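Scroll down for the structure; my scribbles are underneath it.
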Amino acid sequence: MTGGTMRLVDLGKHRRARLWFGDLPDADYQSVNAVKCSISASRNTQDGLRLAAIEVLVPLGGRAMYGLLGGEFRPDSTNRLHVDVFVASAAGPPFASNLATQTDKVRVGLPAEYVEGVLGGVALAKGELDRLAAGKLLINCAAHGEIGSCEVVFKHLALALVKLFNREGQALSDEELISLFP
């Protein structure tokens, strides 16, 4: 990370999140293609956060759910939110500095099996936010655990990421950050 801010947040019940604002962790990857979607947006803005990523660890007894998702938001005046989800071309290198448990091997990239979860999270954001910001969201930063990742964790990460980009760059308290997560 070269210029932004990174915060670690305790989500309660041993759940943790790490958020990057204004920069991305070293988890960009080569993609074979991008899955695209577009939904109506009702708010045009030029303010706000442009780069962000969220990493989460959710212990579930004997195992834990893990994921990292991030990207770039480019606001515009199209009255649409265009989302490009980049699919990893292959298993990426290890993502060494992760929140996952020691039993999980974390790799950079977003495998195709999690793309529907990301798109589902974007769709959920449309229903949860009163006014969705228009622009282009490029999801090109991700890491997944070989054991702990699943479609559901990426659905919740995408929802939280869209909510974060819709905060118009406001400095957020820990409580406000916690409210991004279900």
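The values are calculated or read from the model by the stated rules, or taken from the named source; none is laboratory data. The model shown is predicted, which means the values in this text are computed figures rather than measured ones. Please note: Cβ atoms are built from the backbone with ideal geometry, for glycine as well, and neighbour counts cover all protein chains shown.
Give the number of residues within region 16-35 that are within 16 Å of the chain's Cα centre (by Cα) and either farther than 18 Å from Phe165 by Cα or basic (Lys, Arg) (or both). So the count comes out to 8. Listed by first and then second residue, the pairs with beta-carbon distance under 9 Å, at least 6 apart or on different chains, first residue in region 61-83 and touching a residue at least 12 places away in the same chain (Cβ under 8 Å), second among the acidic types (Asp, Glu) and not in a strand (DSSP E or B), are Arg63/Asp104; Ala64/Asp104; Tyr66/Asp104; Pro75/Asp47; His82/Asp76.
Here is a yes/no grid of residues against (1) among the charged types (D, E, K, R); (2) within 17 Å of Ala52 (Cα to Cα); (3) surrounded by fewer than 20 Cβ atoms within 10 Å (Cβ to Cβ); (4) modelled with pLDDT under 95:
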{"residue": "Val118", "(1), (2), (3), (4)": "no, yes, no, no"}
{"residue": "Lys126", "(1), (2), (3), (4)": "yes, no, yes, yes"}
{"residue": "Leu129", "(1), (2), (3), (4)": "no, no, yes, yes"}
{"residue": "Ile139", "(1), (2), (3), (4)": "no, yes, no, no"}
{"residue": "Lys155", "(1), (2), (3), (4)": "yes, yes, no, no"}
{"residue": "Ser179", "(1), (2), (3), (4)": "no, yes, yes, yes"}
{"residue": "Pro182", "(1), (2), (3), (4)": "no, no, yes, yes"}
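Right, Ile147: buried (at least 24 other Cβ atoms within 10 Å of the Cβ) and either hydrophobic (A, V, I, L, M, F, W, C) or at pLDDT 95 or above (or both) or not? In short, no. When the criteria are applied in full, Leu159 fails the requirement of being out of contact with any helix residue (DSSP H, G or I) (no Cβ under 6 Å at 6 or more places or on another chain), at negative phi and at pLDDT 90 or above. Any idea how many residues of region 145-182 are under 23 Å from Phe95 (Cβ atoms) and assigned to a helix (DSSP H, G or I)? Counting residues in region 145-182 that are under 23 Å from Phe95 (Cβ atoms) and assigned to a helix (DSSP H, G or I) gives 15.
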